[in-house]
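So the structure is just underneath, and the comments pick up after that.
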Amino acid sequence: MSTDQGNSDTNGSPRKTRENQEESSDPKSNRTTSPPPGLNWRILLGLFLLLIAVSYLTGLIGRGGSRGSISYSTFKQQVREDNVAEVTIRGNAIQGTFSEEYSPGGDEEGDDTRAYSRFSTTKPGIEDADLMSLLEDHEVTINAESPERPWMMQALILLLPWVLIFGIIIWSSRRMQGQMKGMMGGGGGGPGGLFNVGKSRAKKYRMTKTKTRYDDVAGLKNAKQDLREIVEYLKDPERFTSLGAQIPKGVLLMGAPGTGKTLLARATAGEAGVPFYSISGSEFIEMFVGVGASRVRDMFEKAKKDSPSIIFIDEIDSIGRARGSGLGGGHDEREQTLNQVLNEMDGFEPHQSVVVIAATNRPDVLDSALTRPGRFDRQITLDLPQKEARQAILEIHTRKVPLEDDVDLGNTASRTVGFSGADLQNLINESALLAGRKGRKKVRQEDINEAADKILLGAKREEKIGDDEKRRIAYHEAGHALVARLMPGTDPLQKVTIIPRGRTLGATEQVPETDRHNFSYGYLQGRIAVSLGGRASEKLVFEELSNGAAQDLKSVGNLARKMVAQWGMSEKLGPVTFKLGEEHLFLGRELSQQKDFSEHTAQVIDEEIQRILQECEQKARAILSENRDKLDALAEALMERETVHNGEIDEIVGASRNQPSSFHTTELRRAKEGQRAVG
C-alpha cells in the first residue's frame, strides 16, 4: 500500500512544564504564607463532641462496677434470693445493683464465668402486678425515672447533625482556601473554598521562570515578527504612543493542533519579561450561570494591576463560539462569559498595557464580535514547518540526545514532510526509547527510521503470514514501487517493505524532493497511478483481485473527486468548482454541505472521476506489463529481504529514475504543455 505522509506542527521547541513555572497571583509572593486560621472553632467542636460522648458514657457506665445483661426471670429469681439491693425503673428498662456479685456461669464448658455487681434487664410488655410487691417484700430500694431523655440530651441529639454539617462546610472551606493560597501564593484574596468559585483560575508565571524565548521556537518567522512588535511595545510603550500608535489589544493565533500556539505565546511573554497569565477557555465554564463572567472579571483585574502583562487564553473557541447560530449548541453560561470577555477588552484604557493572546484551531466558529478590529486586531496563522524548519526543530529536540555520526537530520527532515513540531519531538523521543531498549549509548539513524515507521504505519505485528499471502503482498508492493520508479514526475522512492505494521500489510514510501504547495495535473495523475499499481500488479500476476487495495482505492477516489469538483481539472466541466467534500482548513476533516448542483452535473462528475481513475490504472498496468521481469525480480527481493531500500531498487530495476516509456510520451507532453496548478 502506498503511504502518504500527512501534515503537522511548526514549532519544535521542547515545551516546559507549566506546573514548574506557576506563580502566585500576588506580586509579593515571596512572603511566607501563614497557615489558615481555624484553631479556635476546632477546639470548640472537639469539646462539644467530647461532652456528648461523656453524656452517653455516663448513662451507660453509671457510677462504676461492671454491668451485665440478664433475663427478666433471672432478675426476679435474684430478688427472691435477696441478692438485689437497689433497682431503677425507666419505662420497661430496669437497672440495678446486686447485694453480692452475680456470676451467670455454670458447669458447661464455655459458660460465662464473669461476675457482675450491676445488671440491666427489660420488663416484658405485659403487666406484671406482682413485681412491686415482690420488691417491697425483699426490701429492695426502688427508684423511678421518666422514660423520656433529659432535655439537654435531646437538644444535643437534635443539634449534633447540624453541628457536623456546618463543621464539614467550614473545614472544607478552610482547606480549599489553604490550597488556593498555596497555588496562587496567597494573592487570590476574598473568600476561599466553596465560596471561591468566582475567582480566576488563571496560572501566573514568574518573569524569572518564563525562560522560553523566540530562539527556542524553530520556524514561524512571520508569526514571530508580528509578535515582536508587541514585545517591543510592552518593553517601551512610549516609543509607539509618542507616534499616536496603539498596540493591538488582542492577537489570535490560528493553526492546526500542535503547531505551537501555546509555546509561541509563552515565548512572547519570555521575550517581553512581563507577567504571563495562562488559562484554558474551558476553565471559565461551570454549572452555575455567571461564574465564568466572574472569573473573567477577576482575571482581567489581576492583569491590569500587573500591567504591562499578557493574558493567554487557550482554546478560546470553547467560549467564543458564534452566539445565536446554534453552532455548537446554545449555552447561557458560555454566552455570558463571551460577553464579559468582549466588555473587558473594550474597557482597556490606553495606559493599561494588557495584551490578550488567544489560540484556536477552529476560527470558523468564532463570534464575529470577537474577531473584529478593536478586540482581536491581529490574526496570525501558524503554518506547518518546511524542510529547513523541520531540520531546525530536530536540532532543538536532539540537543540533549547523544547521536551517532551516521545520523543525518537533513535526510530525516526530508522524510518527515507534514510532521509538526510535536510529531518531530515524538519522533526523537521514540528513537531514544528504541535505542535504550537495544542497550545502546547513542541513537543511530536506523533507530530514527524505525521510529518514523512506527509513527506512520504503527508497530510491527507479531502474527506470521503464510507464504502464499506473503507472495501476493510482495507483488502488490512491488507494483507500487515499479510504477513510482518508472513513471515520470513521481516522487523518489525511499524504500519498500512487506513487514506488517498497524493496519497495513506492507508499505511503499516516497519522499518528495521539495515541499509542494501546487500540484500539476500530471503530478496528480502519477500519484493515482502509483496508488493503483498494487491492484494492477495483482490482476496481472494472479489474474484476480483482493481486498488489499481497499485503502488505495479510498485515497485515489478522494483525490480524483477533488481534481474534478474543486480544482477544475475536468475538460467537460470546465473552470468551475462544486461544494463537494471540502475539508476544514485546520482540522483536515470534510464538512457536510448542501449540494448546489443538478443531478446531471453530479452524473458528469462521477463519469469524470471514473475516467481519471481508469486512465491512471491503464498506465500503471502498461508499465508493469512492459517490465514484467523487473516486477518479478523486485517481488522476489521483497520475499527474501522483506525491506528493500532505494539503492537496492535501482540495482534491481537497472534504469535511471523515471525514464518515460513510449506509451505515455504523449501524455507527458500534454502535461508539460498545459499544466493546471491547484490553488
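The values are calculated or read from the model by the stated rules, or taken from the named source; none is laboratory data. Model, not experiment: these values are computed from the prediction. Note that we place each Cβ from the backbone using ideal geometry, even for glycine, and neighbour counts take in every protein chain shown.
Quick notes on this one:
- Only residues that are polar (S, T, N, Q), modelled with pLDDT of 80 or more and assigned to a loop (DSSP other than H, G, I, E, B) were counted in segment 345-377, giving 1.
- For segment 494-519, filtered to residues that are among the acidic types (D, E) and either surrounded by fewer than 23 Cβ atoms within 10 Å (Cβ to Cβ) or modelled with pLDDT of 90 or more (or both), the residue that is nearest to V541 (Cα to Cα) is E513.
- Within segment 568-578, the presence of a residue that is assigned by TED's automatic domain parsing to the domain that holds A484, in a helix (DSSP H, G or I) and of a type in the set (S, T, Y) is excluded.
- Against the list (1) modelled with pLDDT of 90 or more; (2) more than 15 Å from E642 (Cβ to Cβ), the condition D491 fails is (1).
- Per the listing A459, A435, A413, A451, the residue uniquely of a type in the set (A, V, I, L, M) and farther than 20 Å from T508 by Cα is A435.
- Cβ-Cβ under 6 Å pairs, at least 6 apart or on other chains, segment 595-616 side in a helix (DSSP H, G or I), far side β-branched (V, I, T): I605/V564; E608/V564; I609/V564; C616/I528
- Looking across segment 522-558, the residues that are within 13 Å of R472 (Cα to Cα), assigned to a helix (DSSP H, G or I) and of a type in the set (A, V, I, L, M) come down to A536, L540, V541, A549.
- Scanning segment 474-499 for residues that are farther than 17 Å from V653 by Cα and under 37 Å from the mean Cα position of the chain (by Cα) yields a total of 2.
- A481 vs. criteria surrounded by fewer than 23 Cβ atoms within 10 Å (Cβ to Cβ) and not assigned by TED's automatic domain parsing to the domain that holds T259: no
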